[in-house]
Amino acid sequence: MARVKSGFRKRFNIRYWRWLLARAIIGRIGPLRRRFSFYPRGVDPAIAAALVIEDRKTELATAFTPEESTFVRDRCWPYDTLARQWTGGITVPVQELAVTVKPAELLGHVSRIFAPRQQGVVIRDVQWVNWNFARAKRLRALPALSGRCHLLARTDNYYHALFEDLVPVVDYIERFHPRDMPLTLLLPPSRLESLNLGCALLEQAYPGVRVVAMPDDAKVAVEEALWLSFDAGNAEWSFADAAPVRRLAELFRAHYRVEPGGGRRIFFSRGGSKIRRLLNEEALWDIAKAHGFERFEARGDNHAEQVRLFSQADVVVGVHGAGLGNLAFCCPGTQVIELFPENFTKSTYLWLSKRLGLDYSWLIGEPGDYDQAFALNEDLLRDKLEKLGAPS
């Protein structure tokens, strides 16, 4: 697993000790906490809730085959982020939670809800209130906002923007939000134009929704803050029912004037990316090209083409990475072949494919180096693609 700091390096660095000092001094003195918006105490959303909109606990079918369950449990679990307890059963416990916190303060520098009554930031895993969720910073106060408000997470990761920001909002609006009630989405700064566009599309599609910029050096008091979460047996398993994903895909397709379907085969390249590069990509591309594939690399300026290609794909071959979040645009039945280095396998897109009705499989390459660059046996890909038959 590349670029993972040891526990020693995490604990013994200037940033960590500076945070501990701030927690010991600022975090214990009320006036200083307020002055620097530093709240190192977590509060569970169920405790902070003024209104519980949904609190659904159930056993959700994984829909994994025995082979897929073994793959997840034995290969992926060591590398899945914050993997929780799951022993390979046919179901996994999940909790879908939608609550409001009233009153609340939204903190731009950590993208968190602060609950004044509990004097803590709202977070599911309260023991994880570290420097990512509590920092000392002088924030300027924006004018207070009335009505219901939802603070999006600050992310430059394409997958997280789609499935942890936009999809849960679509699901909430479609299932719960009163049609005559305004909803303000506060959008932190992001380099992802696709996230900015997605919010603009929600604003256009749903009357009463408005998008307001949330600077990272600001805070704002709100009348009612909306909290949405999906807690499954694995942090890699996103909040992704098929219906809100397809609704979001419809909005992007309509904007880009894309028609789904078309029988295309996509060899999804990571190009010059430093992380998880295919060392023998050219040889693998020659094999894919002979089986009717076209090579494509996602960039910040070609999102329309990403939506078009994945919407029209029958088969997608690609290395694990955020760009495979574009599976959101695939039609049911699309075949997905994900490539991994031997020492870094994750179950993110297997879970997503099961939720969206995609036909998922995987190929394991050689161990990756520090940057997870790896080679894949060419015969493995050749044999896999030969079983596909001729392009339709």
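The values are calculated or read from the model by the stated rules, or taken from the named source; none is laboratory data. In this text the structure is predicted, and so the values were computed from the model without any measurement. Note that each Cβ is placed from the backbone with ideal geometry, even for glycine, and that neighbours are counted across all protein chains shown. With ligands, DNA and RNA removed, areas are computed over all heavy atoms of the protein, side chains included. Shrake-Rupley method; radii C 1.70, N 1.55, O 1.52, S 1.80 Å.
Quick look at the values:
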{"item": "Cα→Cβ-extended label distance, 7 Å offset, between Thr81 and Ala254, nm", "result": "3.1 nm"}
{"item": "Net length gained if the chain between Glu342 and Asp216 were fully extended (0.36 nm per residue, minus Cα distance)", "result": "41.5 nm"}
{"item": "Estimated dipole of the chain in Debye, rounded to 20 [Cβ of Lys and Arg +1, of Asp and Glu -1, Cα centre]", "result": "2200 debye"}
{"item": "Among the listed pairs Lys219/Lys274; Lys354/Lys384; Lys102/Lys354; Lys274/Lys387, those beyond 27 Å (Cα-Cα)", "result": "Lys219/Lys274; Lys102/Lys354; Lys274/Lys387"}
{"item": "Restricting the range 328-388 to GluC sites (Glu not before Pro) in coil, as DSSP defines it, with at most 14 other Cβ within 10 Å", "result": "Glu342"}
{"item": "Pairwise centroid distance, computed over Cα atoms, of the range 373-392 with the range 71-116, Å", "result": "35 Å"}
{"item": "Low-density loop cleavage sites - trypsin sites (Lys or Arg not before Pro) in the range 326-392, where at most 10 other Cβ are within 10 Å (DSSP)", "result": "Lys387"}
{"item": "For Leu187, distant residues with modelled amide H under 5 Å away", "result": "Val212, Ala213, Met214"}
{"item": "Karplus (6.51, -1.76, 1.60) ³J(HN,Hα), θ = phi - 60°, over the range 212-226, in Hz, Gly and Pro reported as x", "result": "10, 5, 10, x, 7, 10, 9, 9, 8, 7, 10, 5, 8, 9, 9"}
{"item": "Probe 1.4 Å, protein heavy atoms only - accessible area per residue of the chain in square angstrom", "result": "45 Å²"}
{"item": "Helix-only [θ]222 nm of the chain, DSSP H runs n ≥ 4, -39500 (n - 2.57) each, per residue, nearest 500", "result": "-7500 deg cm²/dmol"}
{"item": "Listed residues Ala283, Ala390, Trp227: farthest to the positive end of the dipole of the chain (Cβ charges)", "result": "Trp227"}
{"item": "The range 86-102 residues near the modelled Arg175 label - backbone nitrogen below 17 Å, point 7 Å along Cα→Cβ", "result": "92-100"}
{"item": "Accessible-area order (highest first, 1.4 angstrom probe) of the listed residues Phe340, Phe36, Phe64", "result": "Phe36, Phe64, Phe340"}
{"item": "Those trypsin sites (Lys or Arg not before Pro) in the range 91-132 that DSSP places in a loop and that have at most 13 other beta carbons within 10 Å", "result": "Arg117"}
{"item": "Cα-based shape type of the range 202-250, given that a ≥ b ≥ c are square roots of the gyration tensor eigenvalues and the cut on a/c is 1.5", "result": "oblate"}
{"item": "Kirkwood Rh, Cα atoms: Rg over Rh of the chain", "result": "0.98"}
{"item": "With eigenvalues of the C-alpha gyration tensor scaled by 5 and rooted, the range 196-318, Å", "result": "34, 19, 16"}
{"item": "Computed lengthening from Glu67 to Ala200, 0.36 nm per intervening residue step minus Cα-Cα distance", "result": "43.7 nm"}
{"item": "Placed amide H near Gly147: partners under 5 Å, 5+ positions off or other chain", "result": "Glu223, Glu224"}
{"item": "Under-5 Å amide H pairs with Arg112, H placed in peptide plane, nonlocal only", "result": "Leu107"}
{"item": "Derived scalar couplings ³J(HN,Hα) [the range 349-359; Karplus, 6.51 cos²θ - 1.76 cosθ + 1.60; whole Hz; x for Gly, Pro]", "result": "8, 5, 4, 4, 4, 5, 5, 9, x, 9, 9"}
{"item": "Cα-centre dipole for the range 20-132 with unit charges at Cβ (Lys and Arg positive, Asp and Glu negative), debye to 20", "result": "920 debye"}
{"item": "Using θ = phi - 60° and Karplus 6.51 cos²θ - 1.76 cosθ + 1.60, couplings along the range 258-263 (whole Hz; Gly, Pro as x)", "result": "10, 9, x, x, x, x"}
{"item": "With Cα atoms, 0 to 90° folded angle of helix 193-205 axis to the chain main axis", "result": "70 degrees"}
{"item": "Dipole of the chain [Lys/Arg +1, Asp/Glu -1 at C-beta], most positive-end residue of Ala161, Ala254, Ser146", "result": "Ser146"}
